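The values are calculated or read from the model by the stated rules, or taken from the named source; none is laboratory data. In this text, all values refer to a predicted model and were calculated from it rather than measured experimentally. Neighbour counts run over all protein chains shown; Cβ positions are idealised from the backbone, glycine included. Ligands, DNA and RNA are stripped out before the accessible areas are found, and what is left, the full protein with its side chains, is counted by its heavy atoms. Shrake-Rupley method; radii C 1.70, N 1.55, O 1.52, S 1.80 Å.
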Amino acid sequence: MIAGIRAALAVLALLVVSAVLVPIHLLALWLEHPWRNRMPRLWHRIALRLMGIKVIAHGALAKERPLLIVSNHSSWLDILVLASVVDVTFVAKAEVRDWPVFGLLARLQRSVFIVREQKRRSQHQANEIAERMNAGEIVVLFPEGTTSDGNRLFTTKSTLFAAATSAVSQSPTGHVQVQPVAIAYTRIHGMPMGHYHRPVAAWPGDVELLPHLKEVLETGALDAEINFGPAIEVTPATNRKQLALTAEDEIRRLLEEMLHPR
């Protein structure tokens, strides 16, 4: 009962905040003002606070540009968590565009929508991401292509790593940075979450979105950790598949550091 009331109040407060921030964000988009990237970070920070989710960051964002962030993916929460600490745009599946709530948020954040099944368009889609990167935007790619249970990293798909190799040819510096990042949900109400309870935050593909959103809102008090790894420099000689393997190994290491601290 109390959890349900808390969740309802959080939703109501977020609707009020959105009513204030979204028009400002739309104006910034229309004017192409720098705030078009900053407003989403403010919204995500407020949303996480209302939901009772604390974000703890380790390491730092790479300073050089162009920059592609590659991260593990276990929940829709990953987007809020990462966007609360960095001004980013995301690569999302085309169907996300039509999702309730999150589809609107993805469009407002100028996400790059892709169709993974159309391999013939993969280079075109990679080029679109590369253009965003060379325009100064920090793009986030979830290379697993799906969500996990939060306890492991699936094999990454190398196809869209072509965005990094494509961006090199237009990069003013002659190279591109790919930064591996890991996100983990480690505590619930101050207690270590553990393998069994981590699916409270994780959102595997067979779980419906709105019931899971309701459960997270009613649970609250989650700790989310972000681990920024060292950036990988991409040059014209970089092999896309090897780049994907190197990034996968580093994401797995960063994830293990948070799930199994020594």
Under 8 Å for C-alpha pairs, at least 6 residues apart: give me the relative contact order for the chain, rounded to a whole percent. 25 percent
For residue 68, the residues 5 or more places away or on another chain with a placed amide H closer than 5 Å to its own amide H are 177, 178, 179
In nm, to one decimal, how far is the modelled label at residue 115 from the one at residue 152, with both set 7 Å along Cα→Cβ? 3.2 nm
How far is the Cα center of segment 217-239 from the Cα center of segment 46-95, in Å? 8 Å
Report the FRET efficiency, 1/(1 + (r/R0)^6), for residue 16 and residue 209, where r is their Cβ-Cβ distance and R0 is 35 Å, rounded to 0.05. 0.95
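From the P(r) of segment 1-55, can you give the percent of Cα pairs sitting at distances over 12 Å?
Working: 987 of 1485 pairs.
Value for segment 1-55: 66 percent of Cα pairs lie more than 12 Å apart.
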Among 22, 50, 70, whose Cα sits farthest toward the positive end of the charge dipole of segment 1-108 (+1 at Cβ of Lys/Arg, -1 at Cβ of Asp/Glu, about the Cα centre)? 50
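Semi-axes of the equivalent ellipsoid of segment 121-230: what are they in whole Å, largest first, if each equals the square root of 5 times a C-alpha gyration tensor eigenvalue? The partial results should precede the final answer.
Values: eigenvalues 221, 49, 30 Å².
Values for segment 121-230, descending: 33, 16, 12 Å.
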Output the 0 to 90 degree angle, nearest 10, between the alpha-carbon long axis of helix 209-219 and the longest principal axis computed from the alpha carbons of the chain. 60 degrees
What's the angle, to the nearest 10 degrees (0 to 90), between helix 122-134's Cα axis and the longest principal axis of the chain? 80 degrees
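Have a look at the DSSP beta bridges in the chain and tell me what percent are antiparallel, nearest 5. All intermediate terms of the calculation are to be shown ahead of the outcome.
Numbers: 12 of 32 bridges.
Counting DSSP beta bridges with both partners in the chain, the antiparallel share is about 40 percent.
Given charges of +1 on the Cβ of Lys and Arg and -1 on the Cβ of Asp and Glu, with all other atoms neutral, how large is the dipole of the chain about its Cα centre, in debye to the nearest 20?
Values: 28 positive and 24 negative charges, 57 e Å.
About 280 debye.
Normalised by the number of residues in segment 103-215, what is the relative contact order in percent for Cα pairs under 8 Å and 6+ residues apart? Present the calculation step by step, with values, prior to reporting the outcome.
Numbers: 90 pairs, mean separation 28.7, N = 113.
That works out to 25 percent.
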On the accessible surface of the chain, probed at 1.4 Å with all protein chains in place, carbon and sulfur together account for a percent value of 59 percent
Mind telling me which of 232, 24, 114 comes out most flexible in a GNM of the chain, alpha-carbon contacts under 10 Å? 24
How far is helix 240-259 tilted off the main Cα axis of the chain, in degrees rounded to 10, range 0 to 90? 30 degrees
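Per residue Cα convex hull volume for segment 41-131, in cubic angstrom?
Measuring per residue, one finds 115 Å³ for the Cα hull of segment 41-131.
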Starting from the Cα of residue 28, step 7 Å along the direction of its Cβ; do the same at residue 5; then give the gap between the two resulting points in nm. 3.5 nm
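Take the residue pairs 63/157; 54/241; 63/241 and return only those whose Cα atoms are more than 29 Å apart. Write down the numbers at each step before the final one.
Working: 63/157 26 Å; 54/241 35 Å; 63/241 25 Å.
From the list (63/157; 54/241; 63/241), the Cα-Cα distance tops 29 Å for 54/241.
Using 0.36 nm times the number of residues separating residue 260 and residue 124, minus their current alpha carbon distance, what extension gain do you get? Could you put the intermediate results ahead of the total?
On the way: separation 136, 0.36 × 136 = 48.96 nm, distance 3.93 nm.
Roughly 45.0 nm would be gained on extension.
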Sticking with the crude label model, points 7 Å out along Cα→Cβ, report the distance from residue 49 to residue 235 in nm, one decimal please. 4.5 nm
Scoring segment 1-116 by relative contact order with C-alpha pairs under 8 Å, at least six apart, yields a percentage of 24 percent
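Using C-alpha positions alone, give me the convex hull volume of the chain per residue in cubic angstrom. Kindly include the intermediate steps, with their values, before the conclusion.
Numbers: hull volume 32.1 nm³, N = 262.
Expressed per residue, the convex hull around the Cα atoms of the chain is 123 Å³.
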Divide by every residue of the chain the summed helix terms, -39500 (n - 2.57) for each DSSP H run of at least 4, and state the resulting mean residue ellipticity at 222 nm, rounded to the nearest 500 deg cm²/dmol. -14000 deg cm²/dmol
